[in-house]
Amino acid sequence: MDTRLLSSFLTVVRAGGITAAAAELGFVQSTVTTHIQALERMVGTPLLDRHPGGVSPTRAGSLLAEHAQRILDLEERMFTELTTAAAAPTGPVRVCAPESVCAYRLAPLVPEVRTRFPDVSLSLFPADTRTALTALADRRADLALMLEPSVHPPGVDLVDLGAQRLSLVAAATTGLPRHRPITPAELSAADILLLEKGCSYSDELAGLIAATDPTATPPRFGGIETLKRCVAAGLGVTLLPTVTVADELADGRLVELRPPAGLASQHLWLAAPSSRWRSPAVRAVHATLRETTLPVS
């Protein structure tokens, strides 16, 4: 069997449509359609239900997807072992992580990885927890880092890299008190600014405010740098990993406030698929992440 057929099929299932899958794979739509039709002829039964919103796998299609994933993993392992001399780390490694972790934790590690493993190509992709877990399941990422109080995803090996300190920050001109915890009502009145939904600590803070004021709709921002500049300009207050605001706190552009009581402790989790074979390159990066002091107390 041409495993490209399986790859096309899995992409269609994930993308929910043939057109979207073709764009992702760089094929014309007719090529993907031909791949699906070839698979359906081989198994003798429909694999996809077609509907106006796209496609979804039939019962047979869901079963094929499970086996196809294992076959593609085995193919990857076979070629890696055959082409890797003495199991030396070589090849691409794709890591998903929150924006703050990519920029402030992982980016400084890239030179170290290049020095220790010159034949490893490390790629970093910003992603929230749900997106990162989906990327692992779909084989679009090899490893993921997640910032959560706790996580228990099925089929994933987890390593707790430690607690990560968060800072509630405001402009230096803020009138909010700094000697005691700020209340959710005070935050709502002072305009709390949040990251996009899917960010665990922003979502938790939004929940605290909603419990006090159900009508509150704090604005959401797509990036940490934009959020920091808005806070520094006096537009509101925000909660961010301390490492991302260390420079602004040091030079006085921002000041740190005491957050509301009851916020969960955030931990950084290193995740890898349990059943997927890990290439020497993936194992090397995984070990480097475990060895490196990522947490900030």
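The values are calculated or read from the model by the stated rules, or taken from the named source; none is laboratory data. A quick note: this is a predicted structure, and the numbers were derived from the prediction, not measured. Because the Cβ atoms are built from the backbone with ideal geometry, glycine has one as well, and the counts that use them run over all protein chains shown. Ligands, DNA and RNA are excluded from the accessible area calculation, which covers all protein heavy atoms including side chains. Shrake-Rupley method; radii C 1.70, N 1.55, O 1.52, S 1.80 Å.
As an equivalent ellipsoid, the range 21-92 spans semi-axes of 31, 16, 11 angstrom, where each value is the square root of five times an eigenvalue of the C-alpha gyration tensor, largest first. Annotation: for a label point projected 7 angstrom from Cα along Cα→Cβ of residue 211, residues of the range 162-183 with backbone N closer than 15 Å are 182-183. At q = 0.19, 0.26, 0.30, 0.32 Å⁻¹ the log10 of I(q)/I(0) for the range 127-178 amounts to -0.71, -1.08, -1.30, -1.39, computed by Debye summation with a single uniform scatterer per C-alpha, solvent ignored. Placing one equal scatterer on every Cα of the chain and applying the Debye formula, the log10 ratio I(q)/I(0) at q = 0.08 Å⁻¹ is -0.46. Along each principal axis, taking the top coordinate minus the bottom one, the Cα set of the range 129-225 gives 48, 28, 26 Å in descending order. The range 16-84 and the range 133-155 have Cα centres spaced 22 Å apart. How would you classify the range 89-145 from its alpha-carbon gyration tensor, with a ≥ b ≥ c the square roots of the eigenvalues: rounded for a/c under 1.5, else prolate if a/b is greater than b/c, otherwise oblate? Oblate. Its residue count N sets the reference 2.2 N^0.38 Å, and the alpha-carbon radius of gyration of the range 52-169 equals 1.29 times that reference.
Only Cα pairs under 8 Å and at least 6 apart count here; give the relative contact order of the range 138-282 as a rounded whole percent. It comes to 49 percent, rounded to a whole number. Span-like helix criteria (full DSSP H runs; alpha carbon extent of at least 27 Å along the helix axis; mean Kyte-Doolittle hydropathy of at least -1.0) are satisfied in the chain by 59-83. Helical content of the chain, expressed as a calculated mean residue ellipticity at 222 nm, amounts to -13000 deg cm²/dmol (DSSP H runs of 4 or more residues, -39,500 (n - 2.57) each, divided by residue number, nearest 500). GNM, the chain, Cα, under 10 Å: largest mean-square fluctuation among 287, 23, 189? Checking each option, the largest mean-square fluctuation is seen for 23. Normalised per residue, the accessible area of the range 74-161 is 53 Å², obtained with a 1.4 Å probe and no contribution from ligands, DNA or RNA. Please state the shape class of the range 195-253: rounded when a/c is under 1.5, otherwise prolate if a/b exceeds b/c and oblate if not, all from the C-alpha gyration tensor. It is prolate, given that a/c is not under 1.5 and a/b is the larger ratio. Please find the FRET efficiency linking residue 29 to residue 3, where r is the Cβ-Cβ separation and R0 is fixed at 25 Å, and quote it to the nearest 0.05. Efficiency, from the Cβ-Cβ distance: 0.75. Taking the three principal axes of the alpha carbon atoms in the range 138-297, the coordinate ranges are 54, 36, 25 Å, sorted in descending order. Counting only protein heavy atoms and a 1.4 Å probe, the range 196-271 has 46 square angstrom of accessible area per residue. Packing order of peptides 40-50, 12-22, highest average first: 12-22, 40-50 (average count of other Cβ atoms within 10 Å over each peptide's residues). Here the chain exposes an accessible surface that is 55 percent carbon and sulfur, computed with a 1.4 Å probe and the other protein chains kept in place. Relative contact order for the range 148-229: 28 percent, from Cα pairs under 8 Å spaced at least 6 residues apart, divided by residue count. Fully extending the segment from residue 77 to residue 115, taken as 0.36 nm per residue of separation minus the present Cα-Cα distance, adds 11.2 nm. Modelled spin labels at residue 157 and residue 88, positioned 7 Å past Cα toward Cβ, are 2.4 nm from each other.
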